[in-house]
Amino acid sequence: MKLLGLIGFPLSHSFSKKYFEQKFCEMNLLDFSYQNFELKNISEISNLISQLPNLQGLNVTIPYKKEILNYLTDIDSDAKKVGAVNTLKIFEKKIIGFNTDIFGFRKSLTSFLDEKFDSKALILGTGGAAKAVAFVLQELKMKFYFVSRGIKNEKTILYSEIDKQVIENHRLIINSTPVGMFPDVEKFPLLPYEFLTSQHFLFDLIYNPEETKFLELGKKYFCKTKNGLQMLHYQADKSFEIWNS
Ligand SMILES: NC(=O)c1ccc[n+]([C@@H]2O[C@H](COP(=O)([O-])OP(=O)(O)OC[C@H]3O[C@@H](n4cnc5c(N)ncnc54)[C@H](OP(=O)(O)O)[C@@H]3O)[C@@H](O)[C@H]2O)c1
């Protein structure tokens, strides 16, 4: 049996296990299994790997995408640039880190935006997912600011600085925070939503719930919206490709 899985804490929001089980079934891969491993501390990873000799790969989710860097024997160059890893390939005592959120987000974003889209973007959050999003926007030569609760610098503004003009000048807003994710589905990022228009694109990396309050509020102001489900599927498929290469 080839064992794959997901580490993080908590994992109740995650659809990865369901997605992989369905994929194995569709591909008739009877010798593959995908399990969730809720780790209260990332230091538990070493024990987990040594106890499971048939473990070939893991996905990594919140809150460990950065902390996992300390446990790798090698890292893919893009994952290193982003400073976050969501996929581990495990073999012969090696643990190699990759970031397939980059691939997943790029593919999902480019199918969402009009070809002629030429506005700047706001990336809400400054965590691992936000860094992968920023990497993609840089590749696409799109200008952006991070938005943070506490960090203010050349590349990062505070939520309190977002006014009508900022919203008008940034027609792509990407929620890369866990705000609004199951079970806290009533929460939403603190933005002046009333300045949004039909020219705005709201992308939420969250996929559970299917429509977050962030997207619901965007729709109220006629924005185009997209959740993180397609990105999840694309990044999962890329992880599977890495595990089997
Ligand atoms: N669809 C997909 O395939 C996919 C892939 C990756 C991630 N995700 C989702 O993306 C989200 C972020 O993931 P992550 O790994 O980057 O998480 P993370 O490392 O925990 O970072 C999230 C960032 O969000 C901000 N934040 C955290 N709590 C907040 C709060 N209560 N209010 C406002 N901002 C808050 C923080 O930035 P500041 O402290 O600077 O404000 C933090 O750095 C999660 O919901 C995750 O499930 C989805």
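The values are calculated or read from the model by the stated rules, or taken from the named source; none is laboratory data. Computed from a predicted model, the values in this text were never measured in an experiment. A quick note on method: Cβ atoms are made from the backbone with ideal geometry, for glycine too, and the neighbour counts reach across all protein chains shown.
Considering only residues that are touching a Leu at 6+ places or on another chain (Cβ under 8 Å) and free of Cβ contacts under 8 Å to residues at least 40 places away in the same chain, look in region 195-216 and name the one that is surrounded by the most Cβ atoms within 10 Å (Cβ to Cβ).
Residues of region 195-216 touching a Leu at 6+ places or on another chain (Cβ under 8 Å): 196, 200-204, 207, 210, 214-215.
Now drop any that are not free of Cβ contacts under 8 Å to residues at least 40 places away in the same chain, which leaves 196, 200, 202, 204, 210, 214-215.
On the way: Leu196: 21, His200: 21, Leu202: 26, Asp204: 30, Glu210: 11, Phe214: 26, Leu215: 22.
Filtering first and then ranking leaves Asp204.
For Asp31, indicate whether it is free of Cβ contacts under 8 Å to residues at least 24 places away in the same chain and more than 16 Å from the ligand (Cβ to nearest atom). Quick ask: steps written out before the conclusion?
Details: free of Cβ contacts under 8 Å to residues at least 24 places away in the same chain: no; more than 16 Å from the ligand (Cβ to nearest atom): yes.
For Asp31, the condition - free of Cβ contacts under 8 Å to residues at least 24 places away in the same chain and more than 16 Å from the ligand (Cβ to nearest atom) - is not met.
Could you tell me which of the residues Ser176, Ser239, Ser245 is surrounded by fewer than 17 Cβ atoms within 10 Å (Cβ to Cβ) and under 30 Å from Leu3 (Cα atoms)?
Working: Ser176 fails: surrounded by fewer than 17 Cβ atoms within 10 Å (Cβ to Cβ); Ser239 fails: surrounded by fewer than 17 Cβ atoms within 10 Å (Cβ to Cβ).
Within the list Ser176, Ser239, Ser245, the selection yields Ser245.
Determine if region 186-193 includes at least one residue that is in contact with a strand residue (DSSP E or B) (Cβ under 6 Å, 6 or more places away or on another chain) and in the same structural domain as Leu158 (by TED's automatic domain parsing). First the steps, then the outcome.
First, pick out the residues of region 186-193 that are in contact with a strand residue (DSSP E or B) (Cβ under 6 Å, 6 or more places away or on another chain): 189.
Those still in the list that are in the same structural domain as Leu158 (by TED's automatic domain parsing) too: 189.
Checked region 186-193: at least one residue is in contact with a strand residue (DSSP E or B) (Cβ under 6 Å, 6 or more places away or on another chain) and in the same structural domain as Leu158 (by TED's automatic domain parsing).
Which one of the conditions (1) more than 16 Å from Leu6 (Cα to Cα); (2) β-branched (Val, Ile, Thr); (3) more than 14 Å from the ligand (Cβ to nearest atom) does Ile45 fail to meet, given that it meets all the rest?
(1)
Would you be able to say whether some residue in region 97-111 is surrounded by fewer than 20 Cβ atoms within 10 Å (Cβ to Cβ) and in contact with a strand residue (DSSP E or B) (Cβ under 6 Å, 6 or more places away or on another chain)?
Within region 97-111, not a single residue is surrounded by fewer than 20 Cβ atoms within 10 Å (Cβ to Cβ) and in contact with a strand residue (DSSP E or B) (Cβ under 6 Å, 6 or more places away or on another chain).
Please specify each residue of region 158-201 satisfying the condition of being under 25 Å from Lys131 (Cβ atoms), within 16 Å of the ligand (Cβ to nearest atom) and of a type in the set (D, E, K, R).
Glu161, Asp184, Lys187
Where the second residue is surrounded by fewer than 21 Cβ atoms within 10 Å (Cβ to Cβ) and of a type in the set (S, T, N, Q) and the first is in the same structural domain as Leu202 (by TED's automatic domain parsing) and lies in region 119-132, which pairs have Cβ atoms under 7 Å and are six or more apart or on separate chains?
Taking only residues 6 or more apart or on different chains, the pairs are Lys120/Asn169; Thr126/Ser148; Thr126/Thr156.
Is at least one residue of region 121-142 away from the ligand (no atom under 12 Å from the Cβ), surrounded by 14 or more Cβ atoms within 10 Å (Cβ to Cβ) and not hydrophobic (A, V, I, L, M, F, W, C)?
The answer is no; no qualifying residue exists.
Quick grid of which residues meet (1) closer than 22 Å to Leu72 by Cα; (2) among the hydrophobic types (A, V, I, L, M, F, W, C); (3) in the same structural domain as Val185 (by TED's automatic domain parsing); (4) assigned to a loop (DSSP other than H, G, I, E, B):
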| position | (1), (2), (3), (4) |
| --- | --- |
| Glu21 | no, no, no, no |
| Cys25 | no, yes, no, no |
| Ser33 | no, no, no, no |
| Phe37 | yes, yes, no, no |
| Lys40 | yes, no, no, yes |
| Ile49 | yes, yes, no, no |
| Gln56 | yes, no, no, no |
| Asn59 | yes, no, no, no |
